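A short worksheet on the structure shown next.
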Amino acid sequence: MEFIMNYLLTLILFSPVLIAIVVILLPQEEVKLVRWVAFLGSLIPLALSLILWFSFNPDQPGFQFQEQYAWYEPINSSYHVGVDGISLTMVMLTTLLTPLAILASYTIKDRVKLYMFFFLMLEMGMLGVFLSLDLLVFFVFWELGLVPMYFLINQWGSETGEREIWGRKIKARTYASFKFMIYTMAGSLGLLLAIQLIGVVAGTFDMLILFEQMGSLKGTLMGLPVGTVKTIAFWAFVIAFAIKVPVWPFHTWLPDAHTEAPTAGSMILAGVLLKLGAYGFLRLVLPLYPTEAKYYAGVLALLATLAIIFGALASYGQNDFKRLVAYSSVNHMGFVILGIAAAAFAINTESATLALNGAVLQMFNHGLSAAGMFFLVGVIYERTHTRDLNEYGGLFPLIPVYGGILIFTSMASLGLPGLGGFISEFLVVRGTWPIFTFFTILSMIGLFFTGAYILKGIKQVLHGPLNERWKGHLSEINVREVFIITPLMILMLLVGVWPAVLLDVINRAVMMFYSLYS
Amino acid sequence: MISLSYFLVFAAALFCIGLYGVLARKNAIAILMGIELMLNAVVINLIAFWRFRNFENITGQAFAVIVFAIAAAEVAVGLALFIAIYRRRHTIAADEIDLLKW
Amino acid sequence: METSTLVWLLPVPPLLAFFLIIFLTNRSKRLSHTLGILGALLSFIGSMVIMVLAFQSGHLGEHPFTSVINWFPTGDTWFQIGVWVDPLTVATLFFVAWTVLMIFIYSVGYQNFGQPKGDHDAPGLPPHGATVEDEHGHKHRVPSIEPLYSRFFAFISLFAFGMYVLVVSNNLLTLFVGWEIMGLCSYLLIGFWYAKPSARAAAIKAFLTTRVGDVVMLLGLVYLYSLAGSLSYNVIFSEETLHLLTSTSTPILGVSAAVIIGIFLFVGTIGKSAQWPLHVWLPDAMEGPTPVSAMIHAATMVSAGVYLVIRVFPIISAGMVHGEPTLTMNIMAFIGAFTGLFAATIAVAQNDVKRVLAYSTISQLGYMIAAIGIGAYVAAAFHLFTHAFFKALLFLGSGSVIHGVEHGVLHTGEDIDPQDMFNMGGLRKKMPITFWTFLIGGLALSGFPFLTAGFWSKDEILADAFAHSSWIVLIVLALAALLTAFYTMRQITLTFLGKPRTESAEHAVESKWTMTLPLIFLAGFAIVAGWPGIPLDFPVIGGFIPNFIHEFVGETLAEHPEAITFNWFPLLISLGVSLGGLFLGWFVYRDIPAGAPDPLKKALGPVYKILQNKYYFDELYDFIFVRPAYWISRTFTYLWLDRKIIDGILHFIARVTFSIGGILRNYIDKPIVNGFGDFVGESVKRIGRSARYIQTGRVQQYMVMALIIAFGTLFYYLFFLSQP
């Protein structure tokens, strides 16, 4: 026990790797065994993070469970991990969604071993980003998460679908995985350079030291004054994270990647991977560049508002169910960024705290609802082999339980009061209103169309005259699938009814973190 | 009194005969014999120099004995190789053993 | 038990019923409706207990029953939620509890409990009837039970939960929670027969139209919250907050924050209470299971909108000096009065028995809004109170009528619309209980003098308009009242009086007791509900019963509203319009033979067509909002912006990179880098090729070469290097 408590974060971070190694050593033909080992194994990080959740002290400022070991001494980079309330929430989300996603992958039949291996490595990459307190280590994990996802989309993505580009037809999943990879890499490139700029100027990569010293940095780098260097680094960070979130207009990789990824891949992609970008804003951009962030907050808020509006509109304009859900992520993550932008403009005011509370909670809630929605799309896709909304129709009588779950999850996504999304959106809007009143008003257009696209989805899938084609060919959602969606639904309801469960931790973390470091 | 130069001239002649044998003869055994002659020329030189220049030490004689031993060993190895080559190719003519050609 | 604990528990039973039905009992229809009714009954009993406690407490307005808990942290403070029972809550609870319970009981009969399963009924479609064989071997078509019977009770239970939450909330956020939950339920109930495309479209229309109001209302909440730092009633209606709101000016026309917030909140009401211009959803909402969901959308949920503006009246009226209405109030008076008349004119030309009532609801809600707009707080609450009863009665009654006619349709096999009033007539004798109760409801709606509840509340609004010298409002509302009496009598005459115009109407039968019992109860309230509000100085009957509504509900406000003095003028107007309208309605429609067109059609000419088509608002909105919205979404945003422009830029960048790569490869890599490498390789090869001839493989030649080189080196060494 002592051992576990002392190395808790490292254990959480690397236990998926151990499972991955075990999985890779299993015989290829034992598909069932591979699945179960991967699933049960992925419960280990979940159990460990539950221990973390309950032994975490929300009143203590700063980072807890810190561990630091020399990693690359000549450049002052160390393996330094730690959690505060913000990262804790995200770690919980990650370790919760991964087992569910693995369980959702039981329908994968092709190269299961490799698939599970990639999935567990992906979990490590994501956890690493949330846990690391060293910029270089942060970057390493940031990139590590990319590779497994690329292969998941490229190898296990949807088999049908083509995309015409430059007069040539290529497989949609190839196109999507490439776009995802190249786009994110393009962002990371700037991030890496910016991290190195900071490293050179500050002489360390340790976040805790950087948070304190960043404001008082002096001197020049290659003839450029520190102010300019910081502005350049700021934009490099912002663009890298904005691509990941994604903020309009960097979002077009998202609908492609989400649509083509396998169900579990979409769940993780929307549930956790997008949060990496927002987390980057919260953890790095705000405390490292308070002045620049404040100066450019308006631009960010504008882009966020456009993401909210255009995300919702584009979602409404879809005929592809999965793409509809994919675009809804753009819409929902827009609120996260809007809250962050507002907070950047007026950090440490009450409105900023509310906006940040809302943003972090929205990250969590969107993780639940988007994962749930993608999962449900996957369930219906596995049965009908189509994602075209016009080919469904009136399926409610055939699959009543699925229908009920779909309506519930859709409503959570829509932000119905009583379910998670509402409180977070309310807080964001409340926090943003005094700061960016105009953008807040504009974002209501997006909020309205959220309703429109959600109802469009329900309308086309469940309601209306029954499409006779599916009669007798459509089986009800099975126990395994219900088991996957249930924890998500319970959490959506819990957060909606009693938001303090999470908000108490988030609120204190937000207040302590940003009053310490900005 | 026979002086040192006699011995040296003799040894040089013997060496040249040996060298000629090595370079010009086709039969591999003859080449081997040429090598033996060259070795013997060297031995004569060693002994001659020892006798006339460094009579107190026995290094020259010791060297000569080592050369004999080496020559014997060399002949043994060389003849064994020739027999092996002969078995495979039915010849020991030197200009027919040219597998290392371009 | 503490009173506040009871209040906390008030919304819980229907919620429990919802979950129990969904998860456990949905296979048993009997258990499901028992649970549903039990939930409604428990809440009903709780409400009545609270009402009694409220009367006993005295000065409830100053000391409401309230208790709060921390809900979620907001920086250093907590957002608190809680319950709040003041006189307005009590009045609202009273009618909500009664009408909700009545609906639940009524639903058992309406959804044909106890009837056999339908022959071809499918979930998501209205029951089509079943064929049964009696002991003589005759086959009869009889109504069949609703396939999704249990689900219906689950939904209305959740609905009741939402309404109770809204009513007992002590803050606008949980009020909004209840508000939206009802929105969801109304979506689910309007779309209850989801397999019908019209029901599906109506459900979406209702949700989205009200959502327009909801998002604006959310802004209002947010604005209020950021100024006042709270959304609890005791804070936002306090002197200081109201002062802060009125003294904060906004960049928009320089009006105060109170006005902006008031307007934002009012837009929420416009959506929820179906006021012009967001009224379009309510008539379509009649797609739901006929009377029940219609009545929910008429008597309960839409009341929530009016309840909200009554609740936030202090904010709406903040900054009122010397009775001069604020900008918000003027807007409300305009929209309310306009909607009142506008909807009444449409109702005149509708033939669907439910649609008439739907438009009449819009019109009556407009009345209440207009009343708030002229500052008649108590009158608005009073009308809300009485209207809930008689409109519930009318909707349930119309459901009973439809049920009866449907029975006839099943019996005769005629292919007619059982909801069209021109297919009815003479039902008076077939369905006496329905007739008498409907008549009472209709008279109450028309404001039949002295006896009915509607008269007193409507009269109070007119009297208020008169007292506040709001002449335009007075005239418009009086006109609306005239039309109301007219179309109500038109409805009654067409439906119940005269002779049956179709075979089906001939064979209509009275509904079961589960349906008629609620009618009787509600009919009672449609009469007595007005009595507690009779002005004290009303001639002859004034003062027998204390003007309870005024004293009690008026107490809610910090500043007790003054009772207006009696004046004959508005009374005469009331009397004139209601009696005149009723007479006209009866006179025009008293003898319509089967197949005859509406006499109004001839009288009004093209206007009739406009009215019948609801001023073409649906078509207009479709043209200016719905289609463009879809176009903007699909074509502009997705296909152009995302696929063409943004992706185009990306592909362009990719293409440029690709081309640059090609250039680098073709003009630098291939010729220079590769070229150099190849050159070195080729050269070595060439040299090797020419030098290989010395590699003869013959030992002796090698040796000769070595000898030559050795000699060469020796000569070189001797003759060139060792020169002194």
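The values are calculated or read from the model by the stated rules, or taken from the named source; none is laboratory data. All values reported here derive from a predicted model rather than from experimental measurement. Cβ sites come from the backbone with ideal geometry, for glycine too, and all protein chains shown count toward neighbours.
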Handout entry: Failed item in (1) over 30 Å from C:Ser226 (Cβ atoms); (2) surrounded by fewer than 19 Cβ atoms within 10 Å (Cβ to Cβ), with C:Trp78 passing the rest
Key = (1)
Handout entry: Filtered residues of region C:703-716 (kept if more than 7 Å from every other protein chain (Cβ to nearest Cβ) and either closer than 16 Å to B:Gly21 by Cβ or of a type outside the set (Ser, Thr, Tyr) (or both))
Key = C:Met705, C:Ala706, C:Leu707, C:Ile708, C:Ile709, C:Ala710, C:Phe711, C:Gly712, C:Leu714, C:Phe715
Problem - Single unsatisfied condition, C:Tyr667 versus (1) away from chain B (no Cβ under 14 Å); (2) in contact with a Leu (Cβ under 6 Å, 6 or more places away or on another chain) - result: (2)
Practice task
Take region A:179-220 and flag every residue that is within 14 Å of another protein chain (Cβ to nearest Cβ) and crowded, with 19+ Cβ neighbours inside 10 Å.
Solution key: A:Lys179, A:Phe180, A:Met181, A:Tyr183, A:Thr184, A:Gly187
Handout entry: Unique match (being of a type in the set (Lys, Arg), over 30 Å from A:Gly451 (Cβ atoms) and under 58 Å from the mean Cα position of the chain (by Cα)) among C:Arg655, C:Arg634, C:Arg643
Key = C:Arg655
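Quick one: in region C:196-252, of everything that is of a type outside the set (A, V, I, L, M, F, W, C) and under 14 Å from the mean Cα position of the chain (by Cα), which residue is nearest to the other protein chains (Cβ to nearest Cβ)?
Step one: filter region C:196-252 for residues of a type outside the set (A, V, I, L, M, F, W, C), giving C:196-198, C:200, C:205, C:209-211, C:213-214, C:220, C:223, C:225-226, C:229-230, C:232-234, C:238-241, C:243, C:246-251.
Right, trim to under 14 Å from the mean Cα position of the chain (by Cα) and you get C:205, C:209-211, C:213-214.
On the way: C:Lys205: 10, C:Thr209: 10, C:Thr210: 9, C:Arg211: 5, C:Gly213: 10, C:Asp214: 8 Å.
The qualifying residue nearest to the other protein chains (Cβ to nearest Cβ) is C:Arg211.
For region C:588-619: of the residues being among the aromatic types (Phe, Trp, Tyr) and surrounded by 13 or more Cβ atoms within 10 Å (Cβ to Cβ), which is farthest from C:Leu443 (Cα to Cα)?
Looking at the filtered set, the residue picked out is C:Phe617.
Residues to consider are A:Val238, A:Val247; find the one that is away from chain C (no Cβ under 14 Å) and either surrounded by 14 or more Cβ atoms within 10 Å (Cβ to Cβ) or assigned to a loop (DSSP other than H, G, I, E, B) (or both).
It is A:Val238.
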Handout entry: Segments classed as helices (runs of 4 or more DSSP H), wholly inside region C:461-541, with at least 3 members that are among the β-branched types (Val, Ile, Thr)
Key = C:471-496, C:513-528
Handout entry: Long-range neighbours under 8 Å by Cβ, at least six apart or interchain, first residue of a type in the set (Gly, Ala, Ser) within region A:488-507, second buried (at least 24 other Cβ atoms within 10 Å of the Cβ) and part of a helix (DSSP H, G or I)
Key = A:Gly496/A:Ala412; A:Gly496/A:Gly420; A:Gly496/A:Gly421; A:Gly496/A:Phe422; A:Gly496/A:Ile423
Exercise for the section: Filter region B:86-102 for residues that are in contact with a helix residue (DSSP H, G or I) (Cβ under 8 Å, 6 or more places away or on another chain), without any contact (Cβ under 8 Å) to a residue 60 or more places away in the chain and either under 21 Å from B:Asn40 (Cβ atoms) or assigned to a helix (DSSP H, G or I) (or both) and give the result. Expected result: B:Arg89, B:Glu96
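Which helices (runs of 4 or more DSSP H) does region A:1-112 wholly contain that include 3 or more residues that are crowded, with 24+ Cβ neighbours inside 10 Å? Show your work before the answer.
Details: elements: A:2-6, A:8-25, A:31-55, A:85-104.
It comes to A:8-25, A:31-55, A:85-104.
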Handout entry: Residue list for region C:399-445, restricted to those being surrounded by 24 or more Cβ atoms within 10 Å (Cβ to Cβ), part of a loop (DSSP other than H, G, I, E, B) and not aliphatic (A, V, I, L, M)
Key = C:Gly425
Exercise for the section: Go through the residues of region C:81-90 one by one and say whether even a single one is assigned to a helix (DSSP H, G or I) and either of a type in the set (A, V, I, L, M) or within 14 Å of chain A (Cβ to nearest Cβ) (or both). Expected result: yes
Practice task
Within region A:377-396, work out how many residues are in a helix (DSSP H, G or I), away from every other protein chain (no Cβ under 14 Å) and either of a type in the set (Ser, Thr, Tyr) or out of contact with any His (no Cβ under 9 Å at 6 or more places or on another chain) (or both).
Solution key: 8
Handout entry: Condition broken by A:Phe483, with the remaining ones in (1) buried (at least 18 other Cβ atoms within 10 Å of the Cβ); (2) over 30 Å from A:Gly358 (Cβ atoms); (3) aromatic (Phe, Trp, Tyr); (4) at pLDDT 90 or above satisfied
Key = (1)
Practice task
For region C:616-629, indicate whether the set of residues that are more than 11 Å from chain A (Cβ to nearest Cβ), of a type in the set (Phe, Trp, Tyr) and in contact with a Pro (Cβ under 8 Å, 6 or more places away or on another chain) is non-empty.
Solution key: yes
Exercise for the section: Sort out for me the helices (runs of 4 or more DSSP H) sitting completely within region A:397-501 that have 3 or more residues that are over 29 Å from C:Tyr194 (Cα atoms), β-branched (Val, Ile, Thr) and within 11 Å of chain C (Cβ to nearest Cβ). Expected result: A:420-432, A:437-461
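Yes/no per residue for (1) buried (at least 18 other Cβ atoms within 10 Å of the Cβ); (2) modelled with pLDDT under 90; (3) hydrophobic (A, V, I, L, M, F, W, C):
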residue: A:Ser424; (1), (2), (3): yes, no, no
residue: A:Leu427; (1), (2), (3): yes, no, yes
residue: A:Phe436; (1), (2), (3): yes, no, yes
residue: A:Ser443; (1), (2), (3): yes, no, no
residue: A:Pro465; (1), (2), (3): no, yes, no
residue: A:Arg469; (1), (2), (3): no, yes, no
Exercise for the section: For region A:352-359, state whether one or more residues are touching a His at 6+ places or on another chain (Cβ under 6 Å), in a helix (DSSP H, G or I) and at negative phi. Expected result: no
Practice task
Under 9 Å between Cβ atoms, at least 6 apart or on separate chains: pull out the pairs that start in region C:622-642 with a residue that is part of a helix (DSSP H, G or I) and end on any residue that is of a type in the set (Val, Ile, Thr) and surrounded by 14 or more Cβ atoms within 10 Å (Cβ to Cβ).
Solution key: C:Thr637/A:Ile309; C:Asp642/A:Thr252
Exercise for the section: State which residue is surrounded by the fewest Cβ atoms within 10 Å (Cβ to Cβ) when the search covers only region C:145-176 and only residues that are aliphatic (A, V, I, L, M) and not in a helix (DSSP H, G or I). Expected result: C:Ile145
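So that you can scan it fast, the table gives a plain yes or no per residue for (1) over 22 Å from A:Ala186 (Cα atoms); (2) without any contact (Cβ under 8 Å) to a residue 60 or more places away in the chain; (3) hydroxyl-bearing (Ser, Thr, Tyr):
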{"residue": "A:Asn76", "(1), (2), (3)": "yes, no, no"}
{"residue": "A:Val81", "(1), (2), (3)": "yes, no, no"}
{"residue": "A:Thr94", "(1), (2), (3)": "yes, no, yes"}
{"residue": "A:Ala101", "(1), (2), (3)": "yes, no, no"}
{"residue": "A:Leu120", "(1), (2), (3)": "yes, no, no"}
{"residue": "A:Glu162", "(1), (2), (3)": "yes, yes, no"}
{"residue": "A:Trp166", "(1), (2), (3)": "no, yes, no"}
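Answer yes or no: is there a residue in region B:34-50 that is more than 14 Å from chain C (Cβ to nearest Cβ) and farther than 18 Å from B:Phe7 by Cβ.
Yes, there is a match, as at least one residue in region B:34-50 is more than 14 Å from chain C (Cβ to nearest Cβ) and farther than 18 Å from B:Phe7 by Cβ.
Yes/no per residue for (1) among the acidic types (Asp, Glu); (2) within 13 Å of chain C (Cβ to nearest Cβ); (3) touching a residue at least 12 places away in the same chain (Cβ under 8 Å):
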residue: A:Phe281; (1), (2), (3): no, no, yes
residue: A:Tyr295; (1), (2), (3): no, no, no
residue: A:Phe310; (1), (2), (3): no, yes, yes
residue: A:Lys322; (1), (2), (3): no, no, yes
residue: A:Ser329; (1), (2), (3): no, no, yes
residue: A:Val336; (1), (2), (3): no, no, yes
residue: A:Gly339; (1), (2), (3): no, yes, yes
residue: A:Phe345; (1), (2), (3): no, no, yes
residue: A:Thr353; (1), (2), (3): no, yes, yes
Problem - Yes/no for C:Ala274 being modelled with pLDDT under 90, under 21 Å from A:Leu416 (Cα atoms) and outside any helix (DSSP H, G or I) - result: yes
